[in-house]
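The next block holds one structure in the form of structure tokens; read it before the comments.
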Amino acid sequence: MNRKPATLSVLFARIPIARVAFLKFILEGYDGLAGLTTIDRKNGLVAMSCFPDCREELVALLDSLNVSTVNKPTNHLN
């Protein structure tokens, strides 16, 4: 059986360093919604990975937390 590999949607955000752990904790509470990776701790740049079907829910959650997404930061990623 040929299966396509899972495709993830990635959203980036810049948040205050003090809120990174809080956001990770909130995302963990939404079991399986998204994973959070810190890209640049010094500048509060994080990436959130989710399945495309969950993207709308993740965006709504981020909006409710006043977290704004940013474009892919080319100077930090390949």
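Couple of notes before you dig in:
- Each residue, residue 14 and residue 49, gets one label point 7 Å from its Cα in the Cβ direction; the gap between the two is 2.4 nm.
- Relative to the longest principal axis of the Cα atoms of the chain, the long axis of helix 55-64 lies at roughly 20 degrees.
- Relative to the longest principal axis of the Cα atoms of the chain, the long axis of helix 20-29 lies at roughly 40 degrees.
- Residue 71-residue 21 FRET efficiency (beta carbon distance; Förster radius 22 Å; 0.05 resolution): 0.35
- In the set (1) 0.99; (2) 1.03; (3) 1.39, the label that goes with Rg/Rh (Cα atoms, Kirkwood Rh) computed for this structure is (1).
- Residue-span extension gain [residue 56 to residue 31] - 0.36 nm each, minus C-alpha spacing: 7.5 nm
Values in this text are rule-based calculations from the coordinates and carry no lab data. Just so it is clear, the model here is predicted, and its values are computed rather than measured. Please note: Cβ atoms are built from the backbone with ideal geometry, for glycine as well, and neighbour counts cover all protein chains shown.
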